[in-house]
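Participant: Starting off with a structure, shown below.
The values are calculated or read from the model by the stated rules, or taken from the named source; none is laboratory data. All figures in this text were calculated on a predicted structure; none of them were measured in a lab. Heads up, the Cβs are rebuilt from the backbone with ideal geometry, glycines too, and the neighbour counts pull from every protein chain shown. Please note that ligands, DNA and RNA were not included when accessible areas were found on the heavy atoms of the full protein model with its side chains. Shrake-Rupley method; radii C 1.70, N 1.55, O 1.52, S 1.80 Å.
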Amino acid sequence: RQLQLTEEEKRLLAQEGVTLPGTLPLTQAEERILKKVRRKIRNKQSAQDSRRRRKEYLDGLESRAAACSAQNQELRKKVQELEQRNRSLLRQLQALIKQTSNKTAQTGTCVLV
């Protein structure tokens, strides 16, 4: 039976200075070496996936933070507009109260005469 190795496995084996026979079965020492190389590859892939997921998560957080910041600015502007409108309406109400209280006093005076 033929031993099938990926390019990554071949590269790591060469890096460690190990050559495996092209056919099966492997000796226990060769099996351990192959398992070690495959574990390194899995760990490397897992680390890459973890970094990718963390980056996606952080990008999502940054996007949400930007959206919240923009919404916050809009809401601050709206609050400012409503406060101005409230002050204006309050002034109008005070003017109306002053007007009506003056008329009542005049009418009352007329009735008393």
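Participant: Within segment 1-97, report the GluC sites (Glu not before Pro) that DSSP leaves as loop and that have at most 15 other Cβ atoms within 10 Å.
Facilitator: Loop-located and lightly packed - Glu16.
Participant: At R0 = 25 Å, how high is the FRET efficiency between Ser50 and Thr6 if r is their beta carbon distance? Nearest 0.05 is fine.
Facilitator: FRET efficiency, Ser50 to Thr6: 0.75.
Participant: How much accessible area does Leu75 have with a 1.4 Å probe, in Å² rounded to the nearest 10?
Facilitator: 100 Å²
Participant: Quick one: angle between helix 28-112 and the longest Cα principal axis of the chain, in degrees between 0 and 90, rounded to 10, please.
Facilitator: 0 degrees
Participant: Also, I was wondering about something else. For the chain, set up a Gaussian network in which alpha carbons nearer than 10 Å are linked by springs, and say which option among Thr19, Thr27, Thr100 fluctuates the most.
Facilitator: The residue that fluctuates most here is Thr100.
Participant: Based solely on its DSSP helices, what 222 nm [θ] is calculated for the chain when runs of n ≥ 4 H residues each add -39,500 (n - 2.57) and the sum is averaged over all residues, nearest 500 deg cm²/dmol?
Facilitator: -31000 deg cm²/dmol
Participant: Could you tell me which label, among (1) 22.2; (2) 14.1; (3) 14.5, carries the value of Kirkwood radius over Cα pairs in Å calculated for this structure?
Facilitator: Read-out from the structure maps to (1).
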